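Here's the structure we're looking at; comments come further down.
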Amino acid sequence: MKSTLTKHSPIVAALLLGTTAASADVTPQQVWENWLAQMEPFGYEITATETQQGNDLKISDLVMNIDIPEEDATAEMTMPGFTFVDKGDGTVALEMPANYPMVIKFADEYDSGEVKINYNTVGLSMVASGEPGAINYAYSAASVEMSLDGIVAEGEAIDLGEISMSLINAQGNSLISGEELVNSDQDFSADQLVMNVDVQDPEGSGEGAKLNLTFNDVNFESISAFPLAMDPEDFGKAMADGLAFDFGFAHDGLEAAFDTNIDGERMSGTQSAASGNFGFAFDSAGFSLVQNSYDTSVSMQVPEVPFPVSYELGETAIQLDVPLAQSEEEQDFKLAVTIGELAVPDMLWSIADPTGQLPRDPATVSFDVTGTVKIMANIFDPEAMMMMDGEPGELHSVSINDIHVSMVGAELNGSGAFTFDNSDLQSFDGLPRPEGSVELYLTGANALMDKAVAMGMASEEDVMGARMMMGMFTVPGEGEDSLQSTIEVNAEGHVMANGMRLK
């Protein structure tokens, strides 16, 4: 995932790659100041008692306050504290109790409440090294668990149930550097990430939800840059000042089970996957998102269906790249989606196709589209957007690199490309006029329609009408039961199918 941010933000990437901690010394006070600097861009006000104990620094009575302007509220987090221990070799160890309670208090003009969280660790080790401008935190633990300990609203305790998340055999590094920009480069892994949820309606309605989720062999990576004087309410300025983030998560196995009872309807099921990853990145230049999952299996019991609904997926994939920066130059975008090898059990097939007329091979749907656009306005400036006359962007080209659909014995493939004339908004009712063509190839359509008639899903008249319609837009292909079509839009705005003008 790190390549996503470096593609969009080479300056930030260079800063991060150039701040590898050299052989130097840090003191407990410097590490504490570095920790405070990480919180400043997010608007936290921090108070604590600092006590010097020889070369060590003890932090107690730690309170973190932050305003939440959009809610006209404040939040306060209290923690018991920890100790920065000078190890005598230029490094500093962070020591904290194995059981570490935290309290988060919320208050606005009308309500108040608090959430109690327990932070439990086994074998935690965290050591800071490097130099004041670039401190690396190396950490490991046999287990780390955060769990809900209680909720209080308007002075009354609420028994919501259990919510917990834990990491097993975790280890990683976090490099914090920079002055005007607080840069963070983090990478850590764990044998397992486990989430457990068992919540019930505290008013005793019987409604509730259970979730058990386990990821195996997980890895997290992130690169971020936060302006030191960032105003959380001025997102546009923060982006202009270098705000950037790149996050990636990957796993080598997922097991999940859920059971919900909401509005009197119960739904339960299981899900598994062999591997997968998710990531997103953004900066002033663009936004990217990627998601992949492999060998997924799902089984659910849903309301009003007397049998389990299940399916398997060989692959699901999404890739999205969108430019964000204002520019007179054309910028690239991309959207690609794959739903590959979707298979359902014979029991479900038999409901729709009891005589086995249709091929039951796994189905696949995918497409890959790229193109260019011009961003004509600063989309991070609300005032500029309100003052703008017209659309903030222009579409200039689209390339359909691939379209593929295969299911029930039929297959569609296609590709093509179009350019767009933004000076002509009359030919296509306010849309820029396209020019280009797309080639489509379809096999197995006639056999599928014959089977639809045999199954009683369509009449001969319906199929005859569909064949006549296809005859208007297609010509015979090279193979048996194959059709092809060239859909073209010319410079005059005429739409043609295989040379026959449609518009």
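Data table
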{"item": "Hey, Gly150 out of contact with any strand residue (DSSP E or B) (no Cβ under 7 Å at 6 or more places or on another chain) and closer than 30 Å to Glu109 by Cβ or not", "result": "no"}
{"item": "Among (1) assigned to a strand (DSSP E or B); (2) under 16 Å from Val495 (Cα atoms) - the single one Asp424 does not satisfy", "result": "(1)"}
{"item": "Enumeration of residues in segment 456-468 that are hydrophobic (A, V, I, L, M, F, W, C), more than 41 Å from the chain's Cα centre (by Cα) and at pLDDT 80 or above", "result": "Val463, Met464, Met468"}
{"item": "Exclusive hit being in contact with a Phe, Trp or Tyr (Cβ under 9 Å, 6 or more places away or on another chain) and among the hydroxyl-bearing types (Ser, Thr, Tyr), set Ser205, Ser184", "result": "Ser184"}
{"item": "Residue check for Glu255: among the charged types (D, E, K, R), over 24 Å from Ile403 (Cβ atoms) and not in a strand (DSSP E or B)", "result": "no"}
{"item": "Subset of segment 181-227 (residues that are touching an Asp or Glu at 6+ places or on another chain (Cβ under 6 Å) and assigned to a loop (DSSP other than H, G, I, E, B))", "result": "Asp201, Pro202, Glu207"}
{"item": "Whichever residue in segment 428-451 is within 38 Å of the chain's Cα centre (by Cα) and polar (S, T, N, Q) and, among such residues, is nearest to Val373 (Cα to Cα)", "result": "Ser437"}
{"item": "Residue check, Val122 surrounded by fewer than 16 Cβ atoms within 10 Å (Cβ to Cβ) and touching a strand residue (DSSP E or B) at 6+ places or on another chain (Cβ under 8 Å)", "result": "yes"}
{"item": "Top-ranked residue in segment 384-402 [being part of a strand (DSSP E or B) and out of contact with any Ser or Thr (no Cβ under 7 Å at 6 or more places or on another chain); ranked as farthest from Gly444 (Cα to Cα)]", "result": "Gly393"}
{"item": "Filtered residue count, segment 341-355, keeping only those that are in a loop (DSSP other than H, G, I, E, B) and more than 33 Å from the chain's Cα centre (by Cα)", "result": "3"}
{"item": "Output for segment 487-501, where each listed residue is among the hydrophobic types (A, V, I, L, M, F, W, C), in contact (Cβ under 8 Å) with a residue 12 or more places away in the chain and surrounded by 12 or more Cβ atoms within 10 Å (Cβ to Cβ)", "result": "Ile487, Val489, Ala497"}
{"item": "Residue match in segment 162-182 (condition: in contact with a Lys or Arg (Cβ under 6 Å, 6 or more places away or on another chain) and over 24 Å from Ser222 (Cα atoms))", "result": "no"}
{"item": "Odd one out for Ile379 among (1) within 24 Å of the chain's Cα centre (by Cα); (2) assigned to a strand (DSSP E or B); (3) over 24 Å from Ala273 (Cβ atoms)", "result": "(2)"}
{"item": "Any chance Leu442 is of a type outside the set (Ser, Thr, Tyr), modelled with pLDDT of 90 or more, surrounded by 16 or more Cβ atoms within 10 Å (Cβ to Cβ) and over 26 Å from Asp321 (Cβ atoms)", "result": "yes"}
{"item": "Residues satisfying the stated conditions in segment 286-300, i.e. of a type in the set (A, V, I, L, M, F, W, C) and surrounded by 18 or more Cβ atoms within 10 Å (Cβ to Cβ)", "result": "Val290"}
{"item": "Extreme residue, nearest to Asp217 (Cα to Cα), among residues of segment 258-295 that are of a type in the set (A, V, I, L, M) and in a strand (DSSP E or B)", "result": "Ala273"}
{"item": "Verdict on Gly130 being more than 21 Å from Asp25 (Cα to Cα), in contact (Cβ under 8 Å) with a residue 24 or more places away in the chain and either part of a strand (DSSP E or B) or out of contact with any Lys or Arg (no Cβ under 9 Å at 6 or more places or on another chain) (or both)", "result": "no"}
{"item": "Residue ranges of strands (runs of 3 or more DSSP E) in segment 40-114 with at least 3 members of a type in the set (A, V, I, L, M), surrounded by 12 or more Cβ atoms within 10 Å (Cβ to Cβ) and over 29 Å from the mean Cα position of the chain (by Cα)", "result": "56-68, 92-95"}
{"item": "Segment 301-329, subset surrounded by fewer than 16 Cβ atoms within 10 Å (Cβ to Cβ) and among the charged types (D, E, K, R), residue modelled with the lowest pLDDT", "result": "Glu304"}
{"item": "Number of positions in segment 445-458 that are farther than 27 Å from Ile400 by Cβ and either surrounded by 16 or more Cβ atoms within 10 Å (Cβ to Cβ) or without any contact (Cβ under 8 Å) to a residue 24 or more places away in the chain (or both)", "result": "7"}
{"item": "Residue list for segment 459-486, restricted to those being surrounded by fewer than 18 Cβ atoms within 10 Å (Cβ to Cβ), touching a helix residue (DSSP H, G or I) at 6+ places or on another chain (Cβ under 8 Å) and outside any helix (DSSP H, G or I)", "result": "Ser459, Asp481"}
{"item": "Ser129 of a type in the set (Ser, Thr, Tyr) and surrounded by fewer than 18 Cβ atoms within 10 Å (Cβ to Cβ)", "result": "no"}
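Condition check ((1) modelled with pLDDT of 95 or more; (2) loosely packed, with under 15 Cβ neighbours inside 10 Å; (3) basic (Lys, Arg)) across all residues:
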site	(1), (2), (3)
Ile151	no, no, no
Ala157	no, yes, no
Ala170	yes, no, no
Asp201	no, yes, no
Ala209	no, no, no
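The values are calculated or read from the model by the stated rules, or taken from the named source; none is laboratory data. In this text, all values refer to a predicted model and were calculated from it rather than measured experimentally. Methodologically, a virtual Cβ is constructed for each residue, glycine included, from the backbone with ideal geometry; neighbour enumeration extends over all protein chains shown.
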